[in-house]
Amino acid sequence: MGRWVEYADHGTREATWVREYATNVTGVVIPNSGHWLYQVHPAELTSVLLQFLR
């Protein structure tokens, strides 16, 4: 968990960068996750994606 704390701002930081090029951007951080979101937190990621697509 210590290493995750170092990178906890990634979801919000990347969203800020992408807003320079896109208008419909939503930054979301799913706690205690890394690169393999669907493997580690499939329900949480599916919920976030469905909310965005609606």
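The values are calculated or read from the model by the stated rules, or taken from the named source; none is laboratory data. Bear in mind that the values here come from a model prediction, so they are computed numbers and not experimental data. Remember, those area values only see protein heavy atoms, side chains included, never the ligands or the DNA or RNA. Shrake-Rupley method; radii C 1.70, N 1.55, O 1.52, S 1.80 Å.
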**Item:** Accessible-area order (highest first, 1.4 angstrom probe) of the listed residues Trp36, Trp17
**Value:** Trp36, Trp17
**Accessible area of Val48 in the full protein assembly, 1.4 Å probe (Å², nearest 10)** = 40
**Request:** Go through His35, His41 and list them by solvent-accessible area, largest first, probe radius 1.4 Å.
**Result:** His35, His41
